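The values are calculated or read from the model by the stated rules, or taken from the named source; none is laboratory data. Please read all numbers here as calculations on a predicted model, not as lab measurements. Positions of Cβ are backbone-derived with ideal geometry, glycine not excepted, and every protein chain shown enters the neighbour counts.
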């Protein structure tokens, strides 16, 4: 009996340790590596984040990241619903647009979920996020994508023309456009970094532009120059 109790105690301690590691992750790149762990660890990690950081949008962005890789559509849908509610039921909420567009255009809903669940659960729920409470449920994935395209259009227009757009909005907007298959290179050639500058978000966007387009791209060069003007002591490697 004593041996069994000790083994059970050790197992609980290990589970709590792994859950704590997950709860401390606040960056999607960290989480991406953790996604390669076992399914049991994934469940414990996500459960811990949602339990203790459920009012933080980053929690649900990470939750979507995890379950989209595992093609768990209903879990992804729940994460989108949480983001939508935390964003004031605004479909243009900057942390929502990227995973929402990924869900609509990249996830293979017709393959990854049974047809009945898709029609009775997925399409009605995503219709609420895209159209608001009381929205008429979509009858097909094609109809859902048509509605999502209008959201992407607005995101593209805002990046292109809004002078007061924050850099973090540009970051998530570019991820949104990528998921929808839009031409980001042409858009970024005309883009001019304007408005309020934030050191943390500047670093994030610079890293993203370098990863996607390279340091020799016009977008990276323009943002690097703008950052140097605002933050003379900023170190850009």
## Note on the structure
The helices (runs of 4 or more DSSP H) lying entirely within the range 10-108 that contain at least 2 residues which are modelled with pLDDT under 95 are 28-34, 39-52, 57-69, 73-86
### Summary
Apart from one, (1) in a helix (DSSP H, G or I); (2) surrounded by fewer than 19 Cβ atoms within 10 Å (Cβ to Cβ) all hold for residue 136; the odd one out is (1)
### Task
Could you tell me whether residue 161 is surrounded by fewer than 19 Cβ atoms within 10 Å (Cβ to Cβ) and in contact with a helix residue (DSSP H, G or I) (Cβ under 9 Å, 6 or more places away or on another chain)?
no
### Test for residue 183: is it more than 29 Å from residue 116 (Cβ to Cβ), surrounded by fewer than 16 Cβ atoms within 10 Å (Cβ to Cβ) and modelled with pLDDT of 95 or more
no
